[in-house]
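Structure first, then comments.
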Amino acid sequence: MSRIKLLPETLASQVAAGEVVERPASVVKELVENSIDAGARAIEVGIQRGGMSRIRVVDDGCGMDRDDALLSLERHATSKIASAADLAAISTLGFRGEALPSIASVSRLRLSTREPGAVAGTEILVNGGRIETVRDGGEAPGTQIEVRSLFYNVPARRKFLRSETTEARNIEHQFFLQALAHPEIGFTLVREDNIASQLPITTSLRDRIRDLYGAKLLDDLLEISLRDRRGIQVQGWIGRAGVSRQTRAQQFVFVNGRAIDSGILSTALREGYHTALMRGQFPVTFLFVDLNPREVDVNVHPAKREVRFRDPASVREAIVEAVQRTLESGRVEWQRKFNAPAAPAAVLPPGPAATRPDGGTTSVSSQIVGRDSARPSNFAPLDQASRADSLNLSRPIDGNRPEPQIEPRRDQQFQIIGVLNRLYVLMENSDGLVLVDQHAAHERILFEELRRRMEEQGVPSQRMLLPQIFSLPPRDAEWVECNVATLQKMGIGIENFGVNSFRVDTLPAFLEIADAAGFLRKVIDELKTTSRSSSPLRLGEDMIAKTVCRHAVKANDPLRYPEVEKLIRDLLACDLPYCCPHGRPTMIQISHAELEKKFGRKV
Ligand code: ADP
Ligand code: MG
């Protein structure tokens with residue numbers, strides 16, 4: 001007896017549906033995409049019990065006549081492509097003709113649709129894939145699709161659904177994605193009969209972001225816009241340097257209008273941000289990458305969440321460049337703002353001997369700059385790194401030498417008020433109060449200084465008293481062999497010394513290392529995983545970022561006025577002043593408006 005049987009039609013549909021319809025949010029995605037493809041100007045999504053009991057999508061798009069409405073429920077029936085050539089350059093969100101039949105096969109579905117000028121519309125009821133009723137319908141022009149009891153006939157799938165709240169959150173995320181991609185469409189989300197989100201039609205993405213996330217987020221964003229010579233366009237809004245989130249929830253990337261999950265794109269963003277992003281954090285991006293549809297294959301993933309680029313490297317480069325340039329332009333704009341003159345205020349006279357008139361007049365337990373002119377003993381970490389002096393790094397601290405008298409510069413528009421808790425420099429500028437984390441600031445300054453040196457002549461190194469020989473596992477050994485030149489630029493004199501063995505005889509002068517082999521093993525271990533495909537320069541940067549921290553001014557190191565002033569001035573001269581090499585912010589601005597709000601002067 002033969003063992004192979006053809007599956008009954010309904011079972012085959014259910015199997016196929018599994019690919020497209022994973023959870024309620026996938027239904028919302030497919031239905032909203034259809035509404036967008038139908039040219040809708042307004043789309044309303046209504047859900048009940050996390051979409052498990054009901055999902056309804058109503059649009060005012062082109063609608064369908066009766067024949068098309070019936071056809072739309074057939075597998076592989078689509079109005080969007082007709083030939084293999086069309087498949088090679090897809091410009092609509094849908095193209096497979098699978099969504100409606102798939103959804104219909106695993107739910108109770110009602111489709112009601114009407115073309116704008118038609119005398120009557122059509123209403124179709126489908127139950128688990130079987131069409132049960134077809135009749136005239138009287139709804140407004142456009143299409144309404146209602147999906148009830150999702151997976152009622154596929155218990156295996158139902159079991160995998162999460163809680164109502166989680167499913168509702170997934171739907172909301174999907175809704176946000178579509179809404180971001182189409183500010184020109186009005187969107188409404190109704191949850192259990194309450195309006196959860198109402199987004200009016202607008203001409204700009206900026207307005208849509210504001211309507212979704214509030215105006216405050218806009219302050220953290222920079223507009224990005226770049227068209228590269230290959231015609232790849234990168235547009236949208238991205239978080240300023242130092243702005244990040246613990247999850248990917250606000251990392252949106254769209255390729256030709258389609259929300260995409262792509263390792264290539266995430267890596268490119270990370271690379272673009274580089275030290276402007278805290279390790280383990282995610283950037284905030286509303287990024288739209290547009291390229292010739294022929295350059296991208298969307299027919300890869302059943303839910304069309306992934307794409308394949310014909311030339312992934314060029315897409316990557318376009319994104320990296322656009323992000324870098326945008327962050328850089330953010331710096332210029334920010335510096336202009338930062339340096340705008342502060343209103344004259346009663347601040348301490350700047351100068352090396354500046355003291356507060358009296359220690360107890362402010363309620364803030366601030367340590368006033370300059371009060372500790374004697375060098376305290378907890379200065380040790382920097383002293384130990386005294387060889388760094390020969391590097392003449394921009395170290396703002398050195399209490400043992402006669403202090404160069406730094407006159408407040410005339411063009412300097414910020415005023416230093418004092419130091420809070422031996423850590424935060426308090427300053428005033430035209431916008432209000434600025435707090436600078438002296439440790440993070442110093443890290444950034446050291447980082448950029450060392451990077452510059454690395455690019456120019458290499459980091460100064462010092463010879464070890466006794467060269468060390470050590471061996472590495474084969475993969476690590478191979479990694480070192482490939483990166484010897486970079487390591488040498490970094491001041492690490494390393495050479496092959498037999499199979500998988502190495503000899504190291506110089507180390508970067510700014511480092512204080514007792515166990516060279518142990519240090520190198522650690523650095524190699526970390527760099528191997530963090531900088532996979534990076535350039536030598538990037539590798540060096542990672543290494544600097546990893547090591548400078550230990551030598552930067554620590555929190556609690558009291559600085560005197562000239563030191564603080566130099567620190568701030570050096571910081572402002574940095575390429576990316578507002579975050580440390582690990583992406584933590586170096587400074588926080590508290591605006592006059594915020595202060596007034598806090599004091600109840602303004603509501
Ligand atoms: P696809 O979107 O891949 O073409 P679907 O199964 O999602 O496949 O939809 C099948 C067809 O039904 C579409 O090609 C379109 O012609 C029609 N259709 C679906 N939804 C709508 C809608 N909201 N308004 C107008 N036509 C629609
Ligand atoms: Mg579709």
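Below, the figures for the structure above:
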quantity: Residues Leu226, Leu31, sorted so that the one with the fewest Cβ neighbours within 10 Å comes first; calculated: Leu226, Leu31
quantity: Geometric extent, Cα atoms of region 1-114 - Rg, Dmax (angstrom); calculated: 15.3, 58
quantity: Over region 220-339: Rg over Rh, Cα atoms, Kirkwood Rh; calculated: 0.98
quantity: Residue among Val480, Gly498, Gln468 farthest towards the positive dipole end of region 460-536, charges placed on Cβ; calculated: Val480
quantity: Cα→Cβ-extended label distance, 7 Å offset, between Asp65 and Gln488, nm; calculated: 7.7 nm
quantity: Cα centre as origin, Lys/Arg/Asp/Glu Cβ charges: region 1-106 dipole, Debye; calculated: 480 debye
quantity: Phi to ³J(HN,Hα) by Karplus 6.51 cos²θ - 1.76 cosθ + 1.60 over region 228-244, Hz, x for Gly, Pro; calculated: 8, 5, 8, x, 7, 10, 10, 9, x, 9, 9, x, 4, 4, x, 8, 8
quantity: DSSP beta bridge pairing in region 220-339, given as percent antiparallel to the nearest 5; calculated: 80 percent
quantity: For region 9-199, with +1 on Lys and Arg beta carbons and -1 on Asp and Glu, the positive-most of Pro101, Gly142, Gly61 along the dipole; calculated: Pro101
quantity: Anchor Lys546: lysines whose Cα lies under 19 Å away (excluding residues fewer than 8 positions away in-chain); calculated: Lys489, Lys522, Lys528, Lys554
quantity: Region 183-224: GluC sites (Glu not before Pro) falling in loop per DSSP and having at most 13 other Cβ within 10 Å; calculated: Glu184
quantity: Low-density loop positions, trypsin sites (Lys or Arg not before Pro), region 1-61 - DSSP coil, at most 10 other Cβ in 10 Å; calculated: Arg3, Lys5
quantity: Rough spin-label spacing in nm, given labels placed 7 Å along Cα→Cβ, for Asp515 and Ile195; calculated: 6.5 nm
quantity: Gain in span if fully extended, Arg336 to Ser591, counting 0.36 nm per residue against the direct Cα distance; calculated: 90.2 nm
quantity: Cα-based shape type of region 65-113, given that a ≥ b ≥ c are square roots of the gyration tensor eigenvalues and the cut on a/c is 1.5; calculated: prolate
quantity: Gained length - Leu218 relative to Arg130, 0.36 nm times residue gap less alpha-carbon distance; calculated: 26.8 nm
quantity: Sorted by Cβ density within 10 Å, fewest first, the residues Ser13, Ser197; calculated: Ser197, Ser13
quantity: Distance in nm between pseudo-label sites at Val119 and Lys159 (7 Å out along the Cβ direction from Cα); calculated: 5.3 nm
quantity: Size of charge dipole - region 9-199 - debye, nearest 20, with Cβ of Lys, Arg +1 and Asp, Glu -1, no other charges; calculated: 780 debye
quantity: Residue pairs, from the table Lys80/Lys304; Lys216/Lys304; Lys159/Lys304; Lys216/Lys566, whose Cα atoms sit over 22 Å apart; calculated: Lys216/Lys304; Lys159/Lys304; Lys216/Lys566
quantity: Selection from Tyr152, Val45, Thr133 lying farthest towards where the dipole of region 9-199 points positive, charges on Cβ; calculated: Tyr152
quantity: FRET efficiency, 1/(1 + (r/R0)^6) with R0 56 Å, evaluated for Arg148 and Leu420 via beta carbons; calculated: 0.40
quantity: Chain lengthening between Ala313 and Ile469 when straightened (0.36 nm per residue, less Cα-Cα); calculated: 52.3 nm
quantity: Gyration tensor verdict on region 9-199 (Cα atoms; rounded if a/c is under 1.5, prolate if a/b is larger than b/c, oblate otherwise); calculated: rounded
quantity: Dipole moment magnitude, nearest 20 debye, region 220-339 about Cα centre, only Lys, Arg, Asp, Glu C-beta charged; calculated: 140 debye
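None of the figures in this text is laboratory data; all of them are computed from the coordinates on show. Quick caveat, the model's predicted, so the values are computed rather than measured. When we count neighbours, we look across all protein chains shown, and the Cβ atoms used for this are built from the backbone with ideal geometry, even at glycine.
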